[in-house]
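These notes are about the structure you will find just below.
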Amino acid sequence: MSPLIPLRDPNEDYNIKRFYNCVCAQTISTSGKFLFAGNRAGDIFVQNITNFQNSEEMRPPLKIYPQGEECEINCLSFHREFLIVGSIGVVYGLKWVEDKAELATGRAWEIKIPIDVEAIEVPDVNYMWLRPETDLLYVGCGDNVIYELNLEDGRITRSFKGHEDYIHGVCGSGAYKLYSASEDGSIRMWVTNQKDSTGLIEPYKKDTLVRPEMGKWQGALATNEDWLLCGGGPKLSLWHLRSMECTSVFPFPGKVHVCDFVEDMIFVGGEHTNAQFYAMNGKLRADIKTENTAVYSSVWKTEPERFMSIAGYSNWLSILNDFRFLDSKIELYESRSNSDTTTVKGENGV
């Protein structure tokens, strides 16, 4: 008797993932030797990036670690020997064995995000920021709340409430300062030992920044001791933290999903095929065509060599070695006919 429900063709599923791959998260191991990327299909990709600038050296094969179809990989971070994954309603850790270049297939620990009794759905973990040299992880979620997680004991030690819509980004500086970007159009400032937010920026209310056709939401932010960078529907802008004045506006044409301070430059990506680098005064330094129709993630390092990976709606990672040109690409789901990619099955057979 034939089954009532047709069996799924694994090759067809694989090809669908190749054509519609969307990578939202990346991170680099503590050693700086391995790149991790995660997509909405629930797969984690691991690539050895040692001596990546040497084009003549054969690269080790890419490894794929499926997390299950119901596990969207929204954000990634790395702490000690754990790859930290943010998904729907949960943050969990996977043990990384550096000398074997292997990622554990079972979760070493997990922390579930609280669900409000009146909530209709489980909140997404949209963004994670790890405070350097500590065990404190800050996660921005779909319930409009930022949670402080202590990775030492797995407790949620406090929450930051004040936003009126879900969180797109979180970052911080120093020992106590925290900043968050939200769909509600605001950037909120926090001091971690105080209950309420200590400052507010609403870029969409500024005539030089607002783009009504793109909305008021804030999609990305970055900070250092003196400056705050933010953008989304409004244009990417640079704010001086002491004066709270906007000092530079950047003409990136698309909606902003990624921004960062990279060396003495400002990096931005979003709903555009190109990613761009600017000087602090707004002058364009590099205009880089990527393999993405939209950019959702970037990760970079400077030691022992420069390296940046740009990802988004594409089956390719765009690799930069000098932060000025596209130097190479990494294909994630290769054609089955010529693939040397290794897929590692998990404990549940995924």
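The values are calculated or read from the model by the stated rules, or taken from the named source; none is laboratory data. The shown structure was predicted, so the numbers you read here are calculated from the model rather than taken from an experiment. Backbone-built Cβ (ideal geometry, glycine too); neighbour counts: all protein chains shown. Protein only, heavy atoms only, side chains kept; ligands, DNA and RNA dropped before computing areas. Shrake-Rupley method; radii C 1.70, N 1.55, O 1.52, S 1.80 Å.
A few comments on the model shown:
- Wholly within the stretch 156-202, strands (runs of 3 or more DSSP E) carrying at least 1 residues that are closer than 11 Å to residue 146 by Cα, touching a strand residue (DSSP E or B) at 6+ places or on another chain (Cβ under 8 Å) and at pLDDT 95 or above: 167-173, 177-182, 187-191
- Among the residues of the stretch 113-130, none qualifies, meaning not one is farther than 16 Å from residue 27 by Cα, of a type outside the set (Asp, Glu), in a strand (DSSP E or B) and open to solvent by 60 Å² or more (accessible area, probe 1.4 Å).
- Qualifying residue in the stretch 289-307 (condition: more than 16 Å from residue 26 (Cα to Cα), not polar (S, T, N, Q) and not in a loop (DSSP other than H, G, I, E, B)): yes
- Cβ separations smaller than 9 Å between residues 6+ apart or across chains give the following pairs from the stretch 171-192 residues that are at positive phi and crowded, with 19+ Cβ neighbours inside 10 Å to residues that are assigned to a strand (DSSP E or B) and not hydrophobic (A, V, I, L, M, F, W, C): 185/218; 185/232.
- Among residues of the stretch 101-121 that are under 30 Å from residue 34 (Cα atoms), those with a Cβ under 9 angstrom from a residue that is of a type outside the set (Gly, Ala, Ser) and open to solvent by 90 Å² or more (accessible area, probe 1.4 Å), sequence gap 6+ or separate chain, pair up as 101/33; 105/345; 105/347; 105/348; 106/347; 106/348; 111/155.
- Residue 282 meets the conditions (1) assigned to a loop (DSSP other than H, G, I, E, B); (2) within 22 Å of residue 321 (Cβ to Cβ) in every case but one. The failed one is (2).
- Selection over the stretch 135-155 of residues that are assigned to a loop (DSSP other than H, G, I, E, B) and in contact (Cβ under 8 Å) with a residue 60 or more places away in the chain gives a count of 1.
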